[in-house]
Amino acid sequence: MPSEKESISFEKSNMTLDLSDTKIDNDSKSDSNGVKDFIVTPWEVAGDIDYSKLIEKFGTYTISDILLEKIKYFTGEIHPFLKNKYFFSHRDLDVVLDEYKRGNKFYLYTGRGPSGPVHLGHLMPWLFTKYLQEKFDVKLIFQLTDDEKFLFNSNLDMKTIQKYTYENIIDIISIGFDPKRTKIIVDTKHIKYLYPLSIEIAKKITYSTAKAVFGFSNSSNIGMIGFPPVQGAPCFLPSIIENKPTPVLIPAAIDQDPYWRVTRDIAEKLGYPKPAQIHSKFIPGLSSGGKMSSSKPETALFTVDDPEILETKIKNTFTGGQPTVALQRKLGGNANICPVYWYLNYLFDTEKESQERYSDCTSGNLLCGECKSDMIKNVKPFIKDIQTKRDKAQNLIKDFMIDGKEFFEDGSVGFK
Ligand code: TYM
């Protein structure tokens, strides 16, 4: 990636924003059958998520079999996350692939809001991003929105966020991205790379749109209202770096979609390609319902958890099993609501193993303790591997930072 560009100029335009598909329904209601609705925003995910309904609500597209074949043309296989529909929705993925075929390589762009330690849910889009980077031989921009976490969390101070930013960078490096083709941007440290683009974006988005899309209200602080263009800016940075319109593909869970919707709406008006997305589902927490979240540490598996802690958390996990062994043998379990089945299915079992596990569970042949023990056997080495890589990652930080400088735990940059 070329080094920093000091002078960036943008075309002026007076376009207004088309609000047609930028509304999010933030209200949790029940439908006519009494089924509880769900909420998905960048800051809140709640309720029983119906992903087909979400596709309709957000106006995205299902990843069809035809599109899977198109991906396979380049990758030679269908990644398990695509096969098992963990990544289930997209916008313009087909367009990005067509451009790629014509020789116009895309950039990958993903990120993290450093509000706590990294859990398994965060790792999922990053593992997939790494896979895409390798298969397509493309560059990646990785943004850490420390500003977002400061502005949106009343109980987080900057000192704590800086500590998490450092720790999260170590995790990101541990994933194994290629340092020559990956650049990390920490908003409060590297804003000069984003600010010229952010103000171009900000000027095209009215408060009324921001309110409709993000649910801002009179009590929202003004930093929150001004933040979305900062997360939008890396969508256009590759075009600046490459000095030509450069497509961008964003792998992330679907909670981040509102940012892309507003950015897509104004992209072409600013002379950039609309950023494309590939959206994943959420991995559940270790309790009944809800996504894995740092704000509920007892229900999340963190990369920094000791093996004993992982084991205890998994042993205490909610399952879809019956209250007693006798009932489980008689009635079978409910794999559909079981987080343990979920993790094994999406992360560790082969397709065949998962099918067998499902039928053994639902027919009562398998007890929850057996599945939990399988999960412990898989999760412990998986996390241990990341922890080993974390130790080495500390020496690689400056190879990944966009300014090529060190980054320290106290948030300082450069040389100490
Ligand atoms: P953050 O830190 O909330 O989440 C980081 C990434 O993890 C995904 N994610 C999950 N995926 C599956 N299951 C879960 N339980 C789960 N929880 C979180 C998120 O969708 C995200 O992909 N504002 C962003 C940071 C950001 C960003 C980006 C993310 C800046 N630029 C570009 C993605 C792409 C944030 O706070 O993410």
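The values are calculated or read from the model by the stated rules, or taken from the named source; none is laboratory data. Here the structure is a predicted model, which is why all the values come from computation and not from measurement. For neighbour counting, all protein chains shown are included, and Cβ atoms are generated from backbone atoms with ideal geometry for every residue, glycine included. What goes into the accessible areas is simple: the full protein's heavy atoms, side chains included, and nothing from ligands, DNA or RNA. Shrake-Rupley method; radii C 1.70, N 1.55, O 1.52, S 1.80 Å.
Quick notes on this structure:
- Qualifying residue in the stretch 128-138 (condition: open to solvent by less than 10 Å² (accessible area, probe 1.4 Å), more than 11 Å from the ligand (Cβ to nearest atom), polar (S, T, N, Q) and at pLDDT 95 or above): yes
- Where a residue in the stretch 282-298 is closer than 15 Å to residue 316 by Cα and charged (D, E, K, R) and its partner, wherever it lies, is within 8 Å of the ligand (Cβ to nearest atom) and modelled with pLDDT of 90 or more, with Cβ under 7 Å and at least six apart: 296/285
- Taken over the stretch 196-227, residues that are open to solvent by 10 Å² or more (accessible area, probe 1.4 Å), within 15 Å of residue 270 (Cβ to Cβ) and not in a loop (DSSP other than H, G, I, E, B) amount to 6.
- None of 95, 118 is in contact (Cβ under 8 Å) with a residue 40 or more places away in the chain and closer than 14 Å to residue 278 by Cβ except 95.
- Entirely in the stretch 46-96, the helices (runs of 4 or more DSSP H) that have 3 or more residues that are closer than 14 Å to residue 135 by Cβ: 65-75, 80-83
- The one condition from (1) open to solvent by less than 30 Å² (accessible area, probe 1.4 Å); (2) under 22 Å from residue 103 (Cβ atoms); (3) assigned to a helix (DSSP H, G or I) that residue 268 does not meet is (1).
- For residue 390, the conditions (1) within 30 Å of residue 193 (Cβ to Cβ); (2) open to solvent by less than 50 Å² (accessible area, probe 1.4 Å); (3) not in a helix (DSSP H, G or I) are fulfilled apart from (3).
- Residues of the stretch 397-412 satisfying the condition of being surrounded by fewer than 16 Cβ atoms within 10 Å (Cβ to Cβ) and in contact with a helix residue (DSSP H, G or I) (Cβ under 8 Å, 6 or more places away or on another chain): 399, 404, 405, 406, 408, 409, 410
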